[in-house]
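Visitor: One structure, as structure tokens, below. Some questions next.
Bear in mind these aren't lab numbers, they're just calculated from the coordinates by the rules spelled out. Not measured: the values here are computed from a predicted model. Cβ atoms come from the backbone with ideal geometry, glycine included; neighbour counts cover every protein chain shown.
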């Protein structure tokens, strides 16, 4: 027992720090922060919902209050303003106004002009689509000539171009290789092959076709008896039409067959040049077709012809309807 009485007594003292993470000072700081943020967003909301006229009035007021306080008077702002020294009257139409206080502006839509513009755009798109089809047809005919061994040797006698009337296919004479028997409307065998191949290709598009026959300026031997280059060119154009139909072209596609004799020479400098003897086949565009169908009648045409502009935009080499190249 004596030994236990002599044991030293140990007292443990724990030092407590006030606050720490259990303190409340940070809560006050956080509350101040939240209050400031709420005030900020409230201010933003008020500024966003205030009309332009009110904002201008407040701005004008804060520009001049010192001048008003020092000099007195109504200030340099709008004399009708409800705020001394303020800006423009907030009751005016620039700010928030009641319905009926400001006369509403009436918009008048010209339906006729709008409809005309729509039709113009629609017609423009139709022209563009038609030119693309003619361009594709031209490419197909050229491919057919290259692929056909019989026709390839006559490639230089088959001329293709795009005119203001449509796609023009011209089959011309060469000095030692004429298309027709001399002075007659009888086609050579190779000319029949050319026309039949072209006739087959023309059915790829719905466009109508016109044909014209041409001769050189050498007078027909028996012209004094009533048969001249005019009759010869017309007969040759008709003979060509028949071969196109034999090749597979629909007979209803032809709207015009004419003989022009030597009136429209290909080579104007030498009217006796064999190249002037030719057959011209035109795959007509819509405008040319309407003109042909209304020959001798009347039809409405546009004030501005945009065919040239359309062709240029589509990369097509547009040439005049004359035979000059």
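Visitor: Apply 1/(1 + (r/R0)^6) to the Cβ-Cβ distance of residue 117 and residue 286, taking R0 = 25 Å, and write down the FRET efficiency to the nearest 0.05.
Guide: The formula returns an efficiency of 0.80 here.
Visitor: Given the Cα-Cα distance of residue 52 and residue 133 and 0.36 nm per residue of separation, how much length would full extension add, in nm?
Guide: Here the segment from residue 52 to residue 133 would lengthen by 23.5 nm.
Visitor: Could you tell me, in Å, what Rg and Dmax come out for the Cα atoms of region 124-216?
Guide: Cα only, region 124-216: 14.3, 46 Å (Rg, Dmax).
Visitor: Now a separate question. Which order, highest average first, do 134-145, 280-291 follow once you tally other Cβ atoms within 10 Å for each residue and take the mean per peptide?
Guide: Ranked by mean Cβ neighbours within 10 Å, highest first: 280-291, 134-145.
Visitor: Using a simple spin-label model with points 7 Å from Cα along the Cα→Cβ vector, what separation in nm is obtained for residue 43 and residue 270?
Guide: About 9.4 nm, to one decimal.
Visitor: How would 264, 10 line up from fewest to most surrounding beta-carbon atoms within 10 angstrom?
Guide: Fewest to most other Cβ atoms nearby, the residues stand as 10, 264.
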